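One structure is given here, and the rest of the page talks about it.
The values are calculated or read from the model by the stated rules, or taken from the named source; none is laboratory data. None of the values given here were measured: they were computed from a predicted structure. Heads up, the Cβs are rebuilt from the backbone with ideal geometry, glycines too, and the neighbour counts pull from every protein chain shown.
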There are 2 protein chains.
Amino acid sequence: MRLAELSERSGVSTATIKYYLREGLLAPGRRVSATTADYDEGHLRRLRLVRALIQVGGIPVATAREVLVHVDDDSLGRTIRMGAALWALPQGPESDDGDPAVVTARHEVDRLLEMLGWSTAREVGALSPVHRSLVLAVSALIRLGYPWGAELMAPYAELMYQAAERDLDFMEAYPSEAEQVEMVVAAAVLFQPVLKALHRLAQEEESARRYGLE
Amino acid sequence: MRLAELSERSGVSTATIKYYLREGLLAPGRRVSATTADYDEGHLRRLRLVRALIQVGGIPVATAREVLVHVDDDSLGRTIRMGAALWALPQGPESDDGDPAVVTARHEVDRLLEMLGWSTAREVGALSPVHRSLVLAVSALIRLGYPWGAELMAPYAELMYQAAERDLDFMEAYPSEAEQVEMVVAAAVLFQPVLKALHRLAQEEESARRYGLE
């Protein structure tokens with residue numbers, strides 16, 4: 001397809017597509033003459049992912065480029081490739097290891113992973129930005145005096161594990177490994193707000209059931 | 001307790017506490033002399049909540065004040081009181097009703113709520129900012145070409161419902177209705193990052209189990 005059709009089908013303006021091409025976020029089309037290039041379904045898919053990262057996720061262009069380098073690296077195994085792409089997403093602040101709340105939080109997260117038998121998460125541990133994010137989020141609760149520990153987190157972790165199984169089932173329905181990795185990255189950015197809204201809506205619903213709307 | 005002890009136990013500096021007092025985020029202490037006031041456990045609890053909203057949640061002072069007005073309004077029933085406090089939290093952009101992706105998303109959310117039998121969520125509908133957030137999040141997925149509908153969302157919604165039941169059980173362990181409402185607001189701000197991190201960690205774990213770490 002030509003640039004105009006790529007723009008129409010993706011809903012991204014031609015000026016923005018040209019910007020993404022210049023920034024290396026989108027591979028050049030196949031040149032068919034001095035002034036025109038041809039784009040395929042792969043370009044359309046990539047454009048949707050770039051839009052998800054930048055326009056919906058608010059991720060800086062340089063970070064998006066780094067995420068896409070990992071998405072495209074088919075020398076890596078699937079878990080590592082997905083992990084590298086996800087780890088390149090913005091992860092929030094580093095934790096302060098001298099902070100006693102962080103020390104307690106790390107201990108509780110370690111206990112949690114042991115209780116659950118999540119052996120990869122335990123081995124990778126503090127190397128993973130996701131692990132660090134969890135420690136940081138738990139330390140915020142502990143610092144504010146909420147009694148938050150492994151036993152309280154475990155049932156929530158089990159629910160999130162069921163969600164993760166569904167995520168991967170959904171991902172596996174895509175035919176190629178490249179599309180699967182793209183889907184995982186898009187889901188990490190786009191799907192979180194859906195889960196958050198479903199959670200709050202469920203709280204409202206359950207609260208109305210328990211206490212009525214008096 | 002005196003201001004110095006309140007500061008020490010809460011980890012909030014006396015200058016910041018004085019600022020919160022001036023801004024009406026914290027009720028004045030009981031005056032015991034011209035220059036000193038006495039604070040109680042209620043002040044400590046409220047200070048933790050204010051810190052959760054402002055320092056962790058990054059919520060503007062004016063918004064936090066509005067949230068707290070609802071938290072303190074014991075003329076309301078419990079569901080309405082929690083709802084009002086949660087609805088006063090920042091909710092993200094309004095949806096554009098002329099956008100076809102928003103129209104499709106709203107239709108899918110309505111079908112979802114009907115499938116689930118969430119009757120309060122259906123009745124309150126677009127009045128709820130949470131409902132609007134969900135429509136907006138789903139419309140972002142639809143606009144980017146992901147095949148996202150009621151059937152795909154339903155199992156995730158059931159998982160979030162189980163999480164919401166746990167949330168309310170946890171909340172009910174607090175003795176007074178005032179503390180319970182405070183807990184719900186703090187959880188909405190502080191607990192979301194924990195769930196998000198648990199979800200991503202579960203994805204890494206399940207991915208390693210399915211595909212190994214080759």
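Going through B:LEU195, B:LEU159, B:LEU190, B:LEU201 one at a time, which residue ends up being in contact (Cβ under 8 Å) with a residue 40 or more places away in the chain, under 30 Å from A:LEU127 (Cα atoms) and facing chain A (nearest Cβ under 7 Å)?
It is B:LEU190.
So which residues in the range B:1-53 are among the charged types (D, E, K, R) and in a helix (DSSP H, G or I)?
Result: B:GLU5, B:GLU8, B:ARG9, B:LYS18, B:ARG22, B:GLU41, B:ARG45, B:ARG46, B:ARG48, B:ARG51.
Report yes if A:VAL138 is under 23 Å from B:GLY57 (Cβ atoms), touching a His at 6+ places or on another chain (Cβ under 9 Å) and outside any loop (DSSP other than H, G, I, E, B), otherwise no. Break it down stepwise before answering.
On the way: under 23 Å from B:GLY57 (Cβ atoms): yes; touching a His at 6+ places or on another chain (Cβ under 9 Å): no; outside any loop (DSSP other than H, G, I, E, B): yes.
Against the criterion (under 23 Å from B:GLY57 (Cβ atoms), touching a His at 6+ places or on another chain (Cβ under 9 Å) and outside any loop (DSSP other than H, G, I, E, B)), A:VAL138 does not qualify.
Return the residues of the range A:162-202 that are within 30 Å of B:GLU172 (Cα to Cα) and in contact with an Asp or Glu (Cβ under 6 Å, 6 or more places away or on another chain); say none if nothing qualifies.
Correct list: A:ALA164 only.
Condition first: in contact with a Lys or Arg (Cβ under 9 Å, 6 or more places away or on another chain) and in a helix (DSSP H, G or I). Now tell me which residues in the range A:185-214 satisfy that.
Scanning the range A:185-214 gives A:ALA186, A:ALA188, A:GLN192, A:LEU195, A:LYS196, A:ALA197, A:SER207, A:ARG210, A:TYR211.
I'm trying to understand the selection: among the residues of the range B:102-139, which are surrounded by 20 or more Cβ atoms within 10 Å (Cβ to Cβ) and acidic (Asp, Glu)?
B:GLU108
Does the range B:164-183 include one or more residues that are surrounded by 15 or more Cβ atoms within 10 Å (Cβ to Cβ), of a type in the set (A, V, I, L, M, F, W, C) and closer than 12 Å to A:LEU198 by Cβ?
yes
Scan the range A:54-71 residue by residue and report those that are loosely packed, with under 15 Cβ neighbours inside 10 Å and not in a helix (DSSP H, G or I).
Answer for the range A:54-71, where residues must be loosely packed, with under 15 Cβ neighbours inside 10 Å and not in a helix (DSSP H, G or I): A:GLY58, A:PRO60.
Can you work out which of the residues in the range B:84-101 that are assigned to a helix (DSSP H, G or I) and of a type outside the set (Phe, Trp, Tyr) is surrounded by the fewest Cβ atoms within 10 Å (Cβ to Cβ)?
Only one residue tops the list, namely B:PRO100.
Assuming A:SER75 fulfils every condition listed in (1) assigned by TED's automatic domain parsing to the domain that holds A:MET1; (2) free of Cβ contacts under 8 Å to residues at least 60 places away in the same chain; (3) part of a helix (DSSP H, G or I) apart from one, which condition is it?
The one condition A:SER75 does not meet is (3).
Just to be sure before I move on: is B:ARG143 more than 7 Å from every other protein chain (Cβ to nearest Cβ) and touching a residue at least 24 places away in the same chain (Cβ under 8 Å) in the structure I sent?
So B:ARG143 fails the test.
Sort out which residues of the range B:165-187 are at the interface with chain A (Cβ under 7 Å from one of its Cβ atoms) and more than 12 Å from the chain's Cα centre (by Cα), and write them in order of number.
Within the range B:165-187, B:GLU165, B:ARG166, B:LEU168 qualify.
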